[in-house]
1. Between residue 54 and residue 128, what is the label-point separation in nm under the 7 Å Cα-to-beta-carbon projection?
2. Sort 220-227, 83-90 by packing, meaning the average of other beta carbons within 10 Å per residue, with the highest value first.
3. Once fully extended, how much extra length lies between residue 118 and residue 211, figured as 0.36 nm per residue of separation less the alpha-carbon to alpha-carbon distance?
4. Just want to confirm a number: the relative contact order over segment 117-159, from Cα pairs under 8 angstrom separated by 6+ residues, in percent.
5. Sort 53, 135 by Cβ crowding within 10 Å, fewest neighbours at the top.
6. Divide the volume of the convex hull of the Cα atoms of segment 21-168 by its number of residues and quote the answer in cubic angstrom per residue.
7. Hey, what did segment 21-168 get for relative contact order, percent, Cα under 8 Å, at least 6 apart?
8. Report the label-to-label distance for residue 96 and residue 251 in nanometres (one decimal), using points 7 Å from each Cα along the Cα→Cβ vector.
């Protein structure tokens, strides 16, 4: 039996090759209600209490425990599921989750982010009726305060959700740029300027996850950061379609 979720601290800043690290993993394996994984997609399903989850920081609208998953929404209420703060997150990550539409609802599900960071790419999905499918969302510049919200549109209100998982991808992406002989950032110890080896739209975050500065930089270009206070910052960007991030030390 898996733990019902885990928040695992991770170090994103390594510049050596690292395996992907799971920073959040909600399997809902402790929920013993009906609906979803037992192949029941309609009727009076998903009615078990979610008290253990709300105590842990989850927030729900019209939701209940189903068969090792959560059913959200009702015939009159659009469903939503909000995670606790992702305390192990610092930078870029890949979110995967399984979801299914209730019966023939043709549910449209949207993922939104709060507390720091943004979503890069598709974040709205039309769910398969009465069958789980796996969906992927790319997160840029996430923080320890980031929360994820999964919500249905007003038309098809009900859905099942399972296996919400977040893995760090930033360190691998940085190494990918090094393998191409083009470093994302040339000088990670910074005085007045950051020197970039690739063209990118970049964002600079402090360690509390607050966005400090954003800019567009060119290959072999520089960005003046003389106004930054001394300390450690996270620089995120996108190189050849890959999300990248790196730590800098401002002296």
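1. 3.3 nm
2. 83-90, 220-227
3. Full extension from residue 118 to residue 211 adds 32.4 nm.
4. 44 percent
5. Values: 53 23, 135 19.
Lowest count first: 135, 53.
6. 91 Å³
7. On the way: 438 pairs, mean separation 47.6, N = 148.
The normalised contact order for segment 21-168 reaches 32 percent.
8. 4.2 nm
Values quoted throughout were computed directly from the atomic coordinates according to the rules given, and no laboratory measurement underlies them. Every value quoted in this text rests on a predicted model; they were computed, and no experiment measured them. Quick reminder, even Gly has a Cβ in these numbers, built from the backbone with ideal geometry, and neighbours come from all protein chains shown.
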